[in-house]
Every structure is written in C-alpha cells, then in structure tokens.
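Everything on this sheet refers to the single structure shown next.
No lab work stands behind these numbers, since they all come straight from the coordinates. Only a predicted model underlies this, so the values are computations on that prediction, with no experimental measurement involved. So basically every Cβ, Gly included, is an ideal-geometry build from the backbone, and we count neighbours across all protein chains shown.
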Amino acid sequence: MEKQKLTTKQLFLVASLIFGMFFGAGNLIFPVQLGQLAGHNWLPAVLGFLLTGALLPFLAMLAVSLTDSKSVYDIAKPVAPWFGTVMLVAIHFTIGPLFGTPRTAATAFAMGVAPLVPEGYQQLAMLLFSAAFFGLAYFLTVKQSNLMKWVGKYLNPIFLVLLGLILVLALVLPMGDLTQHATSAYQQHAAFQGVLDGYNTMDGLALLALAVSVVYAVRALGFTGSNVSKVLAKSGLVAILMESLIYVATVLLGVTSLGTMKAAANGGTAFSEIITHYTGNVGVLATGVIVTLAVFTTAMGLFVSFAQDLHRVFPKVSYLWWLRLIAFGSFVTANAGLTNIIAWSAPVLMLLYPYALALTLLGVTNKWVKQDGTMYRFVVAAVTVPAFLDALAASPLASQAWAANVVKGYTTNLPLAAEGFGWVLPALAGLVLALLWKFFKKEELGK
C-alpha cells in the first residue's frame, strides 16, 4: 500500500484539533495572571512557563508517538500492567470528572455568565448552565468521528479569531508599558516560578491522555503505521508553536494592563477586566463567548479520550457508558464551585506530575530505553517518595505540625525540592541504578 503524503491542509487540521482540545480557559487566564504578577521580569517568567506549559505537552505528544502508544496505559505498562491501569484511571479521572472537565464549565460560568446573574440566582444559573454545557458536549461526542469535524473545523477557528481581535486591540492600544512592578515571587526566581505556573494548565497530563483521540483522528485521514507517529509529531509541533505565541501575547497583555489597572485576584478576573476595558459594555459577553469556546473544545477532547481509553482497558463497559459517567460526574463536581475544584486539584497534580514527567522523558528517549521494564521500574520507584511529599506539601494537611516538619525536612535536605522539583535527582539516581543493575546482570550471565 502506497504511503499517504501529509498535505498542508491535513497538517493544520490535525494541529487545530490538538490545539483546540488542550487549550482551555486555564491556558488563557494563567498567562494573564503571570504577566500581572511578574511585571518587568516577564521574560524569564514566560520562558519558564513555556517549558512546562508548551514544551512538556509537546514532549508528551512525542512520547506517545515514539512508543507507538494508544493510551496512557501503553506508556506506563513497561513498569507493570497494573501500574499502567492505575495511571490511566488516575490521570483520566483527574483531568476528567474530578477536576479538569468540571473546571471548564465552572470557569466559563464564572467569567461569562456569573456577572450577568443576580446574587440570589447564582447557584440555579450554574446548575442550568453546567447541565446545558455537559449535555451538549455529550451529544457532540457520542459519535467519535464528530471530534475532528467540530473541534478542528469549526469551534477552534472561531475561538482563535475572537482571541486574535482582543490581542490586536491590545497591541495597537496598549494599556501601559513593560516596566511594571514585579511581585515578590517573581523578583528573584522568576523563571522557576514560571515553570511551576505552567503546571496549572494540566497540559502535561492532558496530552498523555488526549493523544489517543488524535491517533484516531489521524487514522481516519487514512494514515497507518509509522506515518501516524510522524503526523502526530509534525502537527503537535505546529500546535505548540501556535500556543506559545498566544502565551507570550497574553503575558504581555497582563504586564501592560498594570499601566491602567491593579493586579486582579486571579487571571479570570484580570482577563475579564482587560476585555471590558477594550470593548466597553459588550466586554462581559465577549469574555463569555471566548472562554466558553475555549473550554468547550477542551471538554469535548477530555470526554472522548476518557471514554475511549477506559473502554479499551475495561472493554465490558461500553464507550457510551463511560461517556455518560464523565458527563454526569463533571456536572456534579462542577456545581461544587470553581474555588473548591482548584484548591483540591493542587495536591493531586503534585502527586501525578512526577510520574507523568518521568514516563514522558522515558518515552521521548525510547530510541535508547526501548521501553525496558527494568529502567522504567527503577525510575518510577525513585520518584514515588518525592511525589507523595510534594502532594503533602500542597495539601491542607501541610498546616499540621507533623506534616510541616516532614515537608521542611524534605525541602531543606533534597536539592530542588523547595522549587518543586524534588523528583528530578531521585529520577536520575533511579536511572543510574537501573543501568548498573543491567550491567551487573549482564556480567553475571556472561560468567
């Protein structure tokens, strides 16, 4: 069978799908907040942010391509089949019904609908809005083939046009210059803080999970075998470059906004105020449209990948039933409130990210690692203790005396732990131990 050549139209269609699925409201509001907080130190901060907010998701996409994985299960399976199942369930429920998808509707409501609703009717309005939001997402994802059509061709381009108009207005009519005050967290270690801010987007986890939907879409275009990996890599790079440009533009938007207004309590409020500044009375409506489109495409991607991956690991439960679970679960959790969702997601993210990053890096270096079980097991075992300690540090338990002492000992004695990277040196140590183990095993067999 003749190999199909990737056309420019197909390249940008798949890139648009990738971008549309993981670029949600968080990707829009966190850079704006970073800009307001980093002030004149915006450059090192945005470079750090791009490492975890843009480069890491691209590496996750490459890891899926280079290991020929079809889901998170395949990526984690070299450790052990049970570990692959645990990682798949943990990541999908985290970026799915427990935190990720509820945050999409809650953010859209908070920024676009809540300002228009009287105080006494907020809860009822959220109930109705989230029911409509997740009901429509369910309807559009019942047929898996609909994803490319709705996200790639329609919703994502509309979102980009609306966002582009706001960014052009900000470029032509800036609210201030780039010499604004930097808050304390960004005065000494702006790059490190930017790296940690990039975690909030959840994209490192999302790309490991969403890649399966992109694989299906690429195959639907007629690509097979190694061509699927090549299309994923090329399209992923285009999507990440597109995202990076928007990140830089929105960070600059946040910095210059300080020339006219004070730093807002969060990026959502800041973004809403900036849009209102440029568009007057239609600002709230414009915010609602832009943010809802951004998060809706993400929700659709999360719905499909959740149902596809879990159906693959638990085939007795149909794709449709998994889809119903994420739709109903997301609806229930979303009505707990955006503040609660974000607060409880922090320790879970800090627990999962070291595992996700280790698996991503092992996947990217697959040419040498070759999905070797020994290397995977040593590295994953090495990051386990730092992962749980990072989760403890970010949890409500950290305020208790015993937990505070444990966290203090961890951040004081392990290099990079205070900066949120306590897993790095243990992971490298695990890799070295794995290589030594394999070397001595080989020597022993050679005798």
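Between their Cα atoms, which of 143/234; 367/442; 70/441; 70/316 are more than 23 Å away from each other? All intermediate terms of the calculation are to be shown ahead of the outcome.
Numbers: 143/234 26 Å; 367/442 20 Å; 70/441 32 Å; 70/316 19 Å.
Checking Cα-Cα distances, 143/234; 70/441 exceed 23 Å.
Take the alpha-carbon centre of the range 26-75, take the same for the range 156-221, and report the distance between them in whole Å. Comparing the Cα centres of the range 26-75 and the range 156-221, I get a distance of 8 Å.
For each of 372, 197, count neighbouring Cβ atoms within 10 Å of the residue's Cβ, then give the residues from fewest to most.
Numbers: 372 15, 197 24.
With the sparsest Cβ surroundings first, the list reads 372, 197.
Extension gain, residue 224-residue 405: 0.36 nm per intervening residue step, less the Cα-Cα distance, totals 59.8 nm. With the highest mean first, a sort of the peptides 100-112, 266-278, 222-234 on other beta-carbon atoms found within 10 angstrom per residue produces 100-112, 266-278, 222-234. Net length available on complete extension from residue 238 to residue 172 is 21.1 nm, with 0.36 nm assigned per residue and the Cα-Cα distance removed.
Each of the peptides 68-77, 327-336, 83-92 was scored by the mean count of other Cβ atoms within 10 Å over its residues; in descending order, highest first, they stand as 68-77, 83-92, 327-336. Note on residue 278 and residue 368: the model spin-label points, each 7 Å out from Cα along the C-beta direction, lie 4.5 nm apart. Given R₀ = 30 Å, what would the calculated FRET efficiency be for residue 416 paired with residue 245, taking r from the Cβ atoms and rounding to 0.05? For residue 416 and residue 245, the calculated efficiency is 0.50. For the chain, adding -39500 (n - 2.57) for each run of n ≥ 4 DSSP H residues and dividing by the number of residues yields -24000 deg cm²/dmol at 222 nm. The charge dipole of the chain, taken about its Cα centre with unit charges on the Cβ of Lys, Arg, Asp and Glu (plus for the first two, minus for the last two), comes to roughly 1400 debye.
With viscosity set to 0.890 mPa s and temperature to 25 °C, compute the Stokes-Einstein D of the range 8-336, Rh being the Kirkwood radius across alpha carbon pairs; µm²/s, no decimals.
Working: Rh = 20.0 Å.
Value of D from the Cα-based Kirkwood radius: 123 µm²/s.
Placing dummy labels 7 Å off each Cα toward the beta-carbon, the span from residue 433 to residue 82 is 1.9 nm.
Please label the shape of the range 343-447 as rounded, prolate or oblate, based on the square roots a ≥ b ≥ c of the eigenvalues of the alpha-carbon gyration tensor (a/c under 1.5 means rounded; beyond that, a/b larger than b/c means prolate, else oblate). Since a/c reaches 1.5 and a/b is larger than b/c, the shape of the range 343-447 is classed as prolate.
Loop-only check: which chymotrypsin sites (Phe, Trp or Tyr not before Pro) in the range 281-312 are DSSP coil with at most 11 other Cβ within 10 angstrom? Intermediate values should be presented prior to the final figure.
Working: sites: 296, 303, 306; in loops: none.
Counting only loop positions with at most 11 other Cβ atoms within 10 Å, none of the chymotrypsin sites (Phe, Trp or Tyr not before Pro) in the range 281-312 qualifies.
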